[in-house]
1. Once you sort the root eigenvalues of the Cα gyration tensor of segment 1-59 as a ≥ b ≥ c, which label holds: rounded (a/c under 1.5), prolate (a/b larger than b/c) or oblate (the other case)?
2. On a 0 to 90° scale, report how tilted helix 182-204 is relative to the longest principal axis of the chain, with both axes built from alpha carbons and the result rounded to the nearest 10.
3. Can you check what the net charge comes to around ILE57, using other residues whose Cβ is under 11 Å from the Cβ of ILE57 (Lys, Arg +1; Asp, Glu -1)?
4. Once the Cα atoms of helix 410-422 and of the chain are each reduced to a long axis, what angle between those two axes, in degrees from 0 to 90 to the nearest 10, is obtained?
5. Counting Lys and Arg as +1 and Asp and Glu as -1, each charge on the Cβ, what is the dipole of the chain about the Cα centre in debye, to the nearest 20?
6. Angle, helix 146-177 long axis vs. longest principal axis of the chain, Cα atoms, 0 to 90°, nearest 10?
7. If we sort 297-308, 138-149 on the protection proxy, mean other Cβ atoms within 10 Å, highest first, what's the order?
8. Please report the carbon-and-sulfur percent of the accessible area for the chain; probe 1.4 Å, protein heavy atoms only, DNA, RNA and ligands left out.
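The values are calculated or read from the model by the stated rules, or taken from the named source; none is laboratory data. Remember, predicted model here, so these are calculated numbers, not experimental data. Cβ coordinates were reconstructed from backbone atoms using ideal geometry, including for glycine residues, and neighbour counts include every protein chain displayed. To get the accessible areas, we keep the full protein, side chains included, count just its heavy atoms, and leave off ligands, DNA and RNA. Shrake-Rupley method; radii C 1.70, N 1.55, O 1.52, S 1.80 Å.
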Amino acid sequence: MSWADRGGARAALVVALVLAAALVLLIVVRIPWTVLPVPPGGHAPLDPTAGLTAAQIDRARSFAAAVRPVSLASLLLSVLVAGVLGLTPLGARLVVAVARPFGGGWIWQVLLGVLALSVIGRLATLPLSAYGQVVYHRYGLSTSSWGLWLRDVAVATAISAGLTALAVLGLVALARSAPRTWWLWAALGAAGLVVVGSFLYPVLLEPAFNRFTSLPAGILRSDLLTLAERNGTPVRDVLVADASRRTTALNAYVSGFGSTRRIVIYDTVLRRLPDRQIESIAAHELGHVAADDVLTGTVIGSLGAAAGVALLGWLLSSSWLLSRAGAAGAGDPRVVPLLLFLVAAGTLLATPLQNAVSRQIEARADIHALDLGHDPEAFVAMQRGLAVSGLAEPDPPAVWQWFFGSHPTTAQRVAFARDWERLGRR
Ligand SMILES: [Zn+2]
């Protein structure tokens, strides 16, 4: 590769590598690689089909066979479209064309360019998403009407395109005013945005998709509040989200910090699970709070974002890449399609690492749920119930689980409970 500014490019690469090393160090220190000691007599064996009927196994497998090719095709298509727009002058021409009616200034080129590229990317995969939605309906996993589904797609695309446009505008503006060191300031900015975003996400984005009501006073509510007290992380409220408008999925989470912390439960959970299992889910979520997983995730995310931007600083000084994209440099709005492609490709490449970290964090929260709830039967029944209602494949292909699995498999989670019992931690 040849470089427009060899010294600047090398500095960006060095900073990216230093940040990546810090990221690895943080992961090693903050993420447990073993969550339970080996019990006397060894680990409980994995039995993916235990507790499931033949009909449940068939249904989960046929659902996976129907939906997996769609997800994979959609992912590949979106990277392909980003690649065609970012690695040929096609995207650059589009950026120039959409801003022409507004006078063609660089700010319009960036803002409207990002919006146009986002909409094109979304439209390209829309037929596949719609087909996926048909499969979800057919298997009874989605309850969303087509109107609500389209509204969700539109809102999500608008929010993500709008935020991306502002972030890219900031980056191009920095590159125009500090052509040699923009990537350093942009890396700091990206790290800061991840921190702000993780605080604002529950406040701004949750209400865009769901409505919340307080769980009325009763045994479940007081049990959950007591569980949170015992966890040392009191919550202000227990909220019910109207998730059943869209999905049959069962889920719960804890959001907010300190005095705004609350447990959120999907209404689907309330309707379908007995109280003991709901408490087991809440105990898992409180495990994330006890281990400060949101903070860890935020710091990992900031370091990752900063490393990624420094890497962008290196890549965007490559004359070879810039000439493919038909752009003069990072301060040229015609760089936007290349920038979006590099971000999409980088995000995809980081997925297995991100999921490996996530699986360990989830495993730790599972052990916490067992320690806090002391109810392995409810834990196992809850895991199996979630798997059956979500049509989780009992034994996903190892490579799929490695790349896309954000949680341990159900069989692994059931084995945690068995190991926990064998260790006599009751
Ligand atoms: Zn979790």
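1. oblate
2. 40
3. -1
4. 50
5. Magnitude of the dipole: close to 1000 debye.
6. 50
7. Result, highest mean Cβ count within 10 Å first: 297-308, 138-149.
8. Carbon plus sulfur share of accessible area: 67 percent.
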